[in-house]
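Notes follow the structure.
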Amino acid sequence: MNPSFSELYNMTFDRKDLTNEQLLFFYRQLLWPRMIEEKMLVLLRQGKISKWFSGIGQEAISVG
């Protein structure tokens, strides 16, 4: 029998009594800035914008 991902990487998650809807809300709030960042980096590489200071990895700051 193969171990699960969480068993392999010893990952646990405490929901803190959050509902699925609340967790999805937080996830979407984290995902949106990342999607904007990725789009802006594509535009930068294409030369369509001249400067962009990436905040990839800092999404949680904007969510709080």
## Note on the structure
Of the residues in the stretch 7-34 that are assigned to a helix (DSSP H, G or I) and aromatic (Phe, Trp, Tyr), the one that is farthest from residue 59 (Cα to Cα) is 9
### Summary
From the option list 11, 40, single residue qualifying as over 11 Å from the mean Cα position of the chain (by Cα), surrounded by 10 or more Cβ atoms within 10 Å (Cβ to Cβ) and without any contact (Cβ under 8 Å) to a residue 40 or more places away in the chain is 40
### Task
State whether the residues of the stretch 44-52 include one that is surrounded by 11 or more Cβ atoms within 10 Å (Cβ to Cβ), at pLDDT 80 or above and not in a loop (DSSP other than H, G, I, E, B).
yes
### Message
Given the criteria hydroxyl-bearing (Ser, Thr, Tyr) and touching a residue at least 24 places away in the same chain (Cβ under 8 Å), does residue 50 qualify?
### Response
no
#### Entry: Where a residue in the stretch 53-64 is farther than 22 Å from residue 43 by Cβ and its partner, wherever it lies, is not in a helix (DSSP H, G or I), with Cβ under 9 Å and at least six apart
61/55
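The values are calculated or read from the model by the stated rules, or taken from the named source; none is laboratory data. Fair warning: this is a prediction, and the values are worked out from it, not measured in the lab. We place every Cβ from the backbone using ideal geometry, glycine too, and count neighbours over all the protein chains shown.
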